[in-house]
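Have a look at the structure below, then the notes.
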Amino acid sequence: MYSFLRGDTFLFKVKIKLENGNPVKMSDIETLFVTCKNGFGNSAVEIFRKTKDEVELDENGYLHVIFKPEDTQDLEVGNYVFDVEVTLKDGYRKSKKGQITLEYDVTDHKGE
């Protein structure tokens, strides 16, 4: 679980490994989605989605995902869920899920 102030930039890392334990390379990836919703299930509303072009993958197989201020600044404080879904060119698919908690921000930028 990750917790941060709504409207802030937030970076988290997720390790993505192949079945054999080796780290994934960007050249192995066919599609990649990081999807954030207000809950699980069919009635959950998608808040935002990141794709392969919006993330970085380091040499150790860690996927670096950045939530930008505009991703969360207009959201209600509370809990949200996300998943990272990676599909490789050979058809192998790996998913990881997690939760974020958005906390109240103190500084109001709406009057600028």
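Every read-out reported here was derived from the displayed coordinates using simple, explicitly stated rules and does not represent laboratory data. Just so we're clear, the structure is a prediction, and the values are computed from it rather than from any experiment. Cβ atoms come from the backbone with ideal geometry, glycine included; neighbour counts cover every protein chain shown.
Out of the DSSP beta bridges found with both residues in the range 2-103, what percent are antiparallel (nearest 5)? If we restrict to bridges inside the range 2-103, about 90 percent are antiparallel.
When a/c reaches 1.5 or more, the comparison of a/b and b/c decides; with that in mind, is the range 3-56 rounded, prolate or oblate per its Cα gyration tensor? Judged from the Cα gyration tensor, the range 3-56 comes out prolate (a/c at least 1.5, a/b above b/c). Entry note, the chain: relative contact order of 37 percent, from Cα contacts under 8 Å with a spacing of 6+ residues. Of all lysines in the structure, the ones whose alpha carbon falls short of 25 Å from that of K68, not counting any fewer than 8 places away in one chain, are K13, K15, K25, K37, K50, K52, K94, K96, K97, K110. Database remark: amide H of D105 closer than 5 angstrom to the amide H of R6 (H placed geometrically; neighbours at sequence offset of 5 or more, or on other chains; Pro and chain starts carry no H).
Distance between the 7 Å Cα→Cβ label points at E85 and F48: 2.0 nm. For the range 1-28, backbone nitrogen atoms closer than 17 Å to the point 7 Å from Y104 Cα along Cα-to-C-beta are found at 4-8. Computed from the alpha carbon atoms alone, the convex hull of the chain holds 111 Å³ per residue.
Protection proxy ranking for 74-80, 23-29, using the average of other Cβ atoms within 10 Å per residue and placing the highest first: 23-29, 74-80.
Overall, the chain carries a charge dipole of about 520 debye about its Cα centre when +1 sits on the Cβ of Lys and Arg and -1 on the Cβ of Asp and Glu, all other atoms neutral. In the chain, the calculated helix contribution to ellipticity at 222 nm averages -500 deg cm²/dmol per residue, counting -39,500 (n - 2.57) for every DSSP H run with n ≥ 4.
Toward the positive end of the charge dipole of the chain, with +1 on the Cβ of Lys and Arg and -1 on the Cβ of Asp and Glu, the farthest Cα among Q73, I47, V24 is that of V24.
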